[in-house]
Each structure stands twice: as structure tokens, then as C-alpha cells.
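A short worksheet on the structure shown next.
The values are calculated or read from the model by the stated rules, or taken from the named source; none is laboratory data. Remember, it's a predicted structure, so these values are computed and weren't measured experimentally. Positions of Cβ are backbone-derived with ideal geometry, glycine not excepted, and every protein chain shown enters the neighbour counts.
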There are 2 protein chains.
Amino acid sequence: MNKTILLNKRPHGKPSLDDFKTVSEEVPTAKEGEVLLKTVYVSVDPYLRGRMNDAKSYIPPFELNKPIQSGIIAEVVDSNLPDFKKGDFVSGILDWKEFQTSKGKGLNKVDPTVAKLSSYLGILGMTGLTAYIGLTEIGKPKEGETLVVSGAAGAVGTVVGQIGKLVGCKVVGITGNDEKVKLLTSTFNFDHAINYKTTPDLKKAIKDACPYGVDIYFDNVGGEISDAVLANINKFARLPVCGAISLYNETEVPIGPRLQPILLTKSATMRGFIIGDFAEKFPSATKQLAAWLTDEKLQFSETIMEGFDTIPQAFLDLFDGKNKGKMIVKV
Amino acid sequence: MNKTILLNKRPHGKPSLDDFKTVSEEVPTAKEGEVLLKTVYVSVDPYLRGRMNDAKSYIPPFELNKPIQSGIIAEVVDSNLPDFKKGDFVSGILDWKEFQTSKGKGLNKVDPTVAKLSSYLGILGMTGLTAYIGLTEIGKPKEGETLVVSGAAGAVGTVVGQIGKLVGCKVVGITGNDEKVKLLTSTFNFDHAINYKTTPDLKKAIKDACPYGVDIYFDNVGGEISDAVLANINKFARLPVCGAISLYNETEVPIGPRLQPILLTKSATMRGFIIGDFAEKFPSATKQLAAWLTDEKLQFSETIMEGFDTIPQAFLDLFDGKNKGKMIVKV
């Protein structure tokens, strides 16, 4: 049988396991012009929370009683398409199913001999592209500048910080526990990391860590952490807004200090983005990321959960910061 | 005697007349390397409110018991400098004094035969440059796009809207009374104008006026008006933040809906600026503005108050929206 995970109901606030439902169906067969795919790795990402709301956004919402979708690495187990043969591995935005068919649209072949398969969901996939393109195209880092990253120990954050160091920035990360603080400054080469949960005055802690002010703030979280960073930005600061995980589960419109006066007095630029906005940069960005990876200039971290049934829990764990780096489920 | 207006105390919230003090002193004489200037026109501008606070900003705060400064057109009445002769007119950031000396630094000669003198404080001065550069460099308007301007009947707003029309945008202005609504759509060529004070649902009114959404929001006011516009922005919207007059007199940190989720889902860019950031663009911008003015493609509006003693009241009137276009005091 073939398990599928559906959206059972739309989460109100923080999602819970009963927002999901697992059903079983026959394993499909590949018809003419189709491949049959077997799911190997499933990416769970904070942005999926937005698609669970019935709200217009940059991607259409998930439908009730239909499969959730995310980035998946799958093995081709049967093929009636000339571009794919049995035994190939592909990445794509696919359904949370153990087996599914595809007409090949949006599938990209990935090579397990070049990098390990799961890395195509992370450093060589959407995560790495988001970090590289968001930082370089919007953050525009210059040598000697100070970069602050929130959600620093997450999939994107760990990569952003390392790229910041590669281009000569001072890099400060903000994260939620002491183990991650240590990870950031040891494995990921951050100059400094701050545990926002145990720091009584975050604004002051950022000021102390960034004596020359903050030139770039790569924002994965939004909310009060971002308020504290914004209080420390320099003139002409650049603020790529990549995510707002602290706000995704809010049931009321979140309020906070108005930003216009700060952006005005600092001539600062805040820009939201999703990686799809920059599709024309993917080839050059992927090439650069792969080169750094080959040269061992980039480390990456994964938290891998085991088993198809753990996908919903892995997703929920993102909101408790249980992942270090990329959260992936191995099926 | 020579009157000077000093900052008597720092305003708390909305400024009042007793925040200013007028003193009299001897008319100075031009020493070697100096000119003696007689003030002719004084610009009062919302941004001056920020300099009255004891807070670090993009320009140092005014000092207590020292003269306020703003953009001024003055006549050279005595000169010991080779570049200036008696009878010349100059513009510069000068003290609120009837007469003052200057070493010439920051003074620009202006020609009353090319355009009327007061226009060098407005359309051919900082106001026109702010409108043109903010709109073109940050707003990046494209033909057929929709531009919304707040503070639309103010000095900058009237110019922004007209330039928007010149480059082929649909232009909607937001202002605070019906007379200004009429002025915007008649004299200043706006497609539509909204009186935010009498509109029960501003968000809906903007939606109705902008059926294809808002591509550019030129923000002079901040606060709830901006919230209503932001609820209607399109993907890839650009939001130059030029001013935040609705917030300048707040005594607490103003709060409102957090912007990061909107900027994120719309891949939008919000950027604060002051005109000094773009000094290298002044010559080309001034040339373009002067050409449009000569071709009668730009109208400008001034509210001129009479008499040196009215300067503080003219400044206060800005916060009640009593000006149409540029607020100027003729001495």
C-alpha cells in the first residue's frame, strides 16, 4: 500500500498532529508519458505553514483533504519518459506520498555521486539558493561589514552566516539555545552568537556584539528579535526578509513598533523575497555553492528524522527549533 | 535690529509656539571672506520636527537656545567674497535670522529671471529633487503601473503625482480635505484622490481606486494611512519612505501591524531615503525638473505666509495640513 499525508484541517495558530491525516491507497502505475517515483527524502520547511492557511499568498494554499507538498528527493522506479530511467534520482516539489507518478514537469535529476542525496534539499537546493541569492542580491555584503542573521542555526541561517564570512563580513547569529550558540561559533564559523531566550536585553547584546552597528540583517524570524536588531542598524543598512517564523502561527495581526521612522532615519532598505523571484540566478548560484562545497568552505547540518509517518511531527518541530540546520525526513 | 528665532525648548509631542523664542541682536557686518545675507524666503518642512528632538538622526539635533535652520533664499546685501556680489540671490541651509553672515559654504546662487525665487525652495529645490529622485530611483515607475502618494497635496506629494503621470502611471493621491482632493485631480492631474478623514474604509477605498493593485507607494505620512495602502500592494511593489509626518509628534514609540509578513509575501521593497543620499543625481534631476517646468508640464503650488514672525506658526500649520504644496514664509 501507498501512504499519503493530507491536510485534514487548517491549523489555527500553532499546528498540531490532528491537522494532518494519513490515508492509504494503491500504489499507482506509470502510464504512457509518466514516471513512477518512490519518495526517499522529504524536506519540511517553515514556509509550508503559510500554505496551510486559506489566504492568498505567493503560492496557492493547500487544499483540504488533498496531499501536502514540499521539496522531495525521489527514486525513479519505473519510467515511460525518455529523460528518466529506472534508478535515477530526482528532486521536485512533490506530494507527501510514498509513491507517486509524475509527467516529469519540474523534476530535476540529482547525482548521488557528486553530493549526498539529502544535500539537494539543502545546501545544493532551495535552502542554499535562498541563502546565497538573498544575501548577495539583497544584502549586498561588502568586506568589513557586519551581518546579523536570525534563525541562525536553521537551514538557511547556517548557510547565510558562512557565506557572510566567505565574503569578509563580521557575522553574528541569533538563535534559541546554548547548544546552537556553540554550533554556530564552532562548526559554522560565526564570529559571535546570541541565545535570545536567555539574553535579558537583546538590543544591548546585539549592540555589544556589533560595536560598529549592523549593516545587513538577514531576517528569518520577524517579531521582537527583529525589533532588537533594527534598533542597531547603520545608515544604508540592507534587510533581506526571508522568513518570519515567529509570526507564522499568530492568529491575530501581529503588531510591533512601526518601521518607517527607522528605515527613514537610516536610509535603510527592507526587502522581502522568495527564491522563485530569482530563477535566472539559479545556475550561477548553484555553481558557486557546489564549488564552495567541494573546497570544503561550506559546512552543512541536517536533522534527519526517520520514517514516512514522522513527516508531520518533523514539521511541527520546526516551530520549537528542534532542528539544527535543514530538517529532513528519510522515508 | 535683527530678529532671530531660537529653539526655546524641545517640543513634547505636537510643537507649540512657546517651543520657539524670538530675540533681537545687532545686524552683523560682513568681515573679510564673508557675505551679509538678508533673508527673503524661509522654507518650513516637516523633517525639521525630528531635529527638535534630542535624538541621533541623519542630521544632528538643533541645540537649545540656538537658531533653528532650514532652507532659505537670501539676498546678498554686502560681500567680501569674489563669488558673490551685492544684489545676488542665494539658497542654502541658513539660520532663522533676518540678517546673517556666511563664509559662502553651502550657498548656491539662484536666478530670479529663470524662475521665481520661491521655486528654488520648492520645485527647483529640495522638494522637487526629493520627489523626482525618490520616485525614479526607488519607486522605479513603469508605464501602466499604479502609483499611490500619501501627503499628496503637500510640497513633495504634488510633484510626485505629476511626475508619475508624466511617466505614464495611474496616480492616486491621499489627502486630508475635499478642497485638496479637488486640487489634486484638477490642477495636479492626479487620476483620483481620496480624503482619508472622511473615508470610512480607507483600505477598501484604495482597493476601489486601484483595481489592479498598488505597484508604487510614495509614503510621506506613515501610520494608519500607510497600513491601508500596504494592504493593497502588488507583488514586487516598491515603497519609497520619504516622510512619516503622522508619527513625528508621537511621544511613545508608535506601533502598528508588523510589515515583514506583507513585504515577504509580496516580495516588496521598502526603502527610506533623504535627498542628501543622492547628491550625485542633483544636476541631472534639476535639469529634468527645469525642462518640465519650462514646458509647463509641472505645476507647483505654494502657501506663502508673510512676515518673519510667522515662521513658527507656519511650521506648526504643517501638522494640521494647512498648506497646499510648499509652505513658505516671505520675510
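Looking at (1) out of contact with any Pro (no Cβ under 6 Å at 6 or more places or on another chain); (2) farther than 17 Å from A:Gly33 by Cβ, find the lone condition where A:Lys103 falls short.
Every listed condition holds for A:Lys103 apart from (2).
Picking from A:Gly154, A:Gly125, which residue would you name as being surrounded by fewer than 24 Cβ atoms within 10 Å (Cβ to Cβ) and not basic (Lys, Arg)? Steps first, answer last, please.
Numbers: A:Gly154 fails: surrounded by fewer than 24 Cβ atoms within 10 Å (Cβ to Cβ).
Only one candidate qualifies: A:Gly125.
List every residue pair whose Cβ atoms sit under 9 Å apart, with the two residues 6 or more apart in sequence or on different chains, where the first one lies in region B:296-317 and is on the phi > 0 side of the Ramachandran plot and the second, anywhere, is assigned to a loop (DSSP other than H, G, I, E, B).
Filtered contacts from region B:296-317: B:Gly307/B:Val331.
Test of understanding: among B:Ala193, B:Ala244, B:Ala209, B:Ala290, which residue is under 23 Å from B:Gly325 (Cβ atoms) and in contact with a His (Cβ under 6 Å, 6 or more places away or on another chain)?
B:Ala209
Farther than 22 Å from A:Leu247 by Cα, within 14 Å of chain A (Cβ to nearest Cβ) and modelled with pLDDT of 95 or more - does that describe any residue in region B:321-330?
no
Among the residues of region B:161-189, count how many are in contact (Cβ under 8 Å) with a residue 60 or more places away in the chain and either under 16 Å from B:Arg238 (Cβ atoms) or small (Gly, Ala, Ser) (or both).
2
Looking at region A:1-28, which of its residues are touching a strand residue (DSSP E or B) at 6+ places or on another chain (Cβ under 6 Å) and touching a residue at least 60 places away in the same chain (Cβ under 8 Å)?
If the condition is that a residue be touching a strand residue (DSSP E or B) at 6+ places or on another chain (Cβ under 6 Å) and touching a residue at least 60 places away in the same chain (Cβ under 8 Å), then A:Asn2, A:Lys3, A:Thr4, A:Ile5, A:Leu6, A:Phe20, A:Thr22, A:Val27, A:Pro28 are the ones that fit.
Checking the conditions here, which among A:Ile206, A:Ile255, A:Ile233 is surrounded by fewer than 19 Cβ atoms within 10 Å (Cβ to Cβ), within 26 Å of B:Asn53 (Cβ to Cβ) and among the β-branched types (Val, Ile, Thr)? Give the steps one after another, and end with the answer.
On the way: A:Ile206 fails: surrounded by fewer than 19 Cβ atoms within 10 Å (Cβ to Cβ); A:Ile233 fails: surrounded by fewer than 19 Cβ atoms within 10 Å (Cβ to Cβ).
On inspection, the qualifying residue turns out to be A:Ile255.
How about region A:235-279: which of its residues are touching a Cys at 6+ places or on another chain (Cβ under 9 Å) and closer than 23 Å to B:Gly276 by Cβ?
A:Leu264
Among the residues of region B:304-317, is any at pLDDT below 95 and either out of contact with any helix residue (DSSP H, G or I) (no Cβ under 8 Å at 6 or more places or on another chain) or more than 9 Å from chain A (Cβ to nearest Cβ) (or both)?
Scanning region B:304-317 turns up no residue that is at pLDDT below 95 and either out of contact with any helix residue (DSSP H, G or I) (no Cβ under 8 Å at 6 or more places or on another chain) or more than 9 Å from chain A (Cβ to nearest Cβ) (or both).
Just checking, how many residues over region A:72-91 are closer than 16 Å to A:Gly33 by Cβ and within 24 Å of the chain's Cα centre (by Cα)?
Going through region A:72-91 one residue at a time, the tally reaches 1.
Being under 19 Å from A:Val110 (Cα atoms) and in contact with a helix residue (DSSP H, G or I) (Cβ under 7 Å, 6 or more places away or on another chain) is the requirement here; does A:Ile93 meet it? First the steps, then the outcome.
Numbers: under 19 Å from A:Val110 (Cα atoms): yes; in contact with a helix residue (DSSP H, G or I) (Cβ under 7 Å, 6 or more places away or on another chain): no.
Taking the combined requirement at face value, the residue does not satisfy it.
Output the number of residues of region A:236-267 satisfying the condition of being part of a loop (DSSP other than H, G, I, E, B), aliphatic (A, V, I, L, M) and facing another protein chain (nearest Cβ under 7 Å). Even if it seems obvious, please write down each step before you answer.
Within region A:236-267, the subset part of a loop (DSSP other than H, G, I, E, B) is A:242-254, A:258-259, A:266-267.
When the remaining residues are screened for being aliphatic (A, V, I, L, M), the result is A:244-245, A:247, A:253, A:259.
This time we only want the ones that are facing another protein chain (nearest Cβ under 7 Å), so: A:244, A:247, A:253, A:259.
So the answer is 4.
Which of the residues that make up region A:238-280 are hydroxyl-bearing (Ser, Thr, Tyr) and modelled with pLDDT under 90?
Initial filter on region A:238-280 (hydroxyl-bearing (Ser, Thr, Tyr)): A:246, A:248, A:251, A:265, A:267, A:269.
The answer is A:Ser246, A:Tyr248, A:Thr251.
Please pick out the residue among B:Lys203, B:Lys207 that is touching a helix residue (DSSP H, G or I) at 6+ places or on another chain (Cβ under 6 Å) and more than 10 Å from chain A (Cβ to nearest Cβ).
B:Lys203
Let's see how each residue does on (1) farther than 28 Å from A:Gly321 by Cα; (2) in the same structural domain as A:Lys322 (by TED's automatic domain parsing); (3) among the aliphatic types (A, V, I, L, M); (4) at pLDDT 95 or above:
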residue	(1), (2), (3), (4)
A:Thr39	no, yes, no, yes
A:Val44	no, yes, yes, yes
A:Ile59	no, yes, yes, no
A:Pro67	no, yes, no, yes
A:Asn80	yes, yes, no, yes
A:Phe84	yes, yes, no, yes
A:Asp88	yes, yes, no, yes
A:Trp96	no, yes, no, yes
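Counting only residues that are part of a helix (DSSP H, G or I), more than 18 Å from B:Val167 (Cα to Cα) and free of Cβ contacts under 8 Å to residues at least 60 places away in the same chain, which one in region B:268-293 is farthest from the other protein chains (Cβ to nearest Cβ)?
B:Pro283
Residue by residue through region B:1-19, note down the ones that are out of contact with any Phe, Trp or Tyr (no Cβ under 8 Å at 6 or more places or on another chain) and either in a strand (DSSP E or B) or not aliphatic (A, V, I, L, M) (or both).
Hits for region B:1-19 are B:Lys9, B:Arg10, B:Pro11, B:His12, B:Gly13, B:Ser16, B:Asp18, B:Asp19.
Could you list all residues from region B:175-184 that are surrounded by fewer than 17 Cβ atoms within 10 Å (Cβ to Cβ), touching a strand residue (DSSP E or B) at 6+ places or on another chain (Cβ under 9 Å) and assigned to a helix (DSSP H, G or I)?
B:Asp178, B:Lys182 - these are the residues of region B:175-184 that are surrounded by fewer than 17 Cβ atoms within 10 Å (Cβ to Cβ), touching a strand residue (DSSP E or B) at 6+ places or on another chain (Cβ under 9 Å) and assigned to a helix (DSSP H, G or I).
Regarding B:Tyr217, is this residue within 20 Å of B:Lys140 (Cα to Cα), in a loop (DSSP other than H, G, I, E, B), of a type outside the set (Lys, Arg) and more than 7 Å from every other protein chain (Cβ to nearest Cβ)?
In short, no.
Looking only at region B:318-331, which residues are without any contact (Cβ under 8 Å) to a residue 40 or more places away in the chain and basic (Lys, Arg)?
Selection gives B:Lys322 alone.
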